[in-house]
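Below: one structure, written as structure tokens.
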Amino acid sequence: MKKFTNDHRVRVTQTIIRKAFLGLLNTKPIQSISIKELCERAGISRGTFYAHYTDLHDLLRQIEGEMTAEIEAALEPLLARTPANPVVLSARIFEILRDNSDLCTVVLGEHGDKQFAARLVRMGYEKCIDRYRSYFRDVPAREIEYYFAFVSMGIMGLLRRWLADGMTATPEELAQFAEGLMLRGAGVFAQ
């Protein structure tokens, strides 16, 4: 029983640190944040911080790593199905992004980690490009690459808008809208 209590305390402490850190990242870049400032905001000691992380970049890497692992775990079974339902796939990804909205807001914000956003796009590319090629067998590879670039940046814009609107649409609604835009463009409004 003691182990559970300690594990629970560790999770609670890490959650408090994460919230304080992401709150600070919303207002300024990581280079302008000190450990002292983070500890004061989180209401913890420096020793507590260092018991969990080596520095602020380690904290950011761990937060980003957890989200990346969650997305990858969600993608694997969905992509293994033949054919995968793109709306179900997109909805699951939007659910994960909603559950990590604090990180998404920071990543897509003014002081965000642009490299992490690029890694998410690259992960999407690596997981989805073969699927696109199988759907569009007669389309040249270069055009599929352009399509992916167009769609991925559109999804990032859609995600920014969704976050700014307070995520009032459900992940399923957003996924259906995104699929409609990908397949029909502005024709989605002519329904």
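The values are calculated or read from the model by the stated rules, or taken from the named source; none is laboratory data. Note that the coordinates shown come from a computational prediction; the quantities given were computed from them, not determined experimentally. Here the Cβ is made from the backbone with ideal geometry for all residues, glycine too, and neighbour counts use every protein chain on show. Keep in mind that these areas ignore ligands, DNA and RNA; they rest on the heavy atoms of the full protein, side chains included. Shrake-Rupley method; radii C 1.70, N 1.55, O 1.52, S 1.80 Å.
Roughly how many Å² of Asp99 are accessible to a 1.4 Å probe, to the nearest 10?
90 Å²
Where in the stretch 101-126 does the amide nitrogen come within less than 18 Å of the point 7 Å from the Cα of Arg41, taken along Cα to Cβ?
The answer is 101-114, whose backbone nitrogens lie closer than 18 Å to the label point.
Under a 1.4 angstrom probe, counting protein chains only, how are Phe136, Phe21 ranked by accessible area, largest first?
So the residues, ranked largest to smallest area, are Phe136, Phe21.
Can you give me the span-like helices of the chain, meaning DSSP H runs with 24 Å or more of Cα extent along the axis and Kyte-Doolittle mean at or above -0.5?
The qualifying helices are 2-25, 56-80, 141-164.
Within the stretch 1-152, count lysine pairs with alpha carbon atoms under 24 angstrom apart where the residues are 8 or more positions apart or belong to different chains.
On the way: Lys19/Lys28; Lys19/Lys36; Lys19/Lys114; Lys28/Lys36; Lys28/Lys114; Lys114/Lys127.
Taking the Cα cut-off of 24 Å, the pair count is 6.
Asp138 label point, 7 Å along Cα→Cβ, cut-off 19 Å on backbone N: hits in the stretch 170-184?
Backbone N within reach: 183-184.
Just by accessible area at a 1.4 angstrom probe, what is the order of His52, His8 from largest to smallest?
Of His52, His8, the descending order of accessible area is His8, His52.
Let me check I've understood the local charge: for Phe49, count other residues with C-beta under 14 angstrom from its C-beta, Lys and Arg +1, Asp and Glu -1. What total comes out? Let's see the in-between values first.
On the way: positive: Arg18, Lys19, Lys36, Arg41, Arg46; negative: Glu37, Glu40, Asp55, Asp58.
Local charge sum for Phe49: +1.
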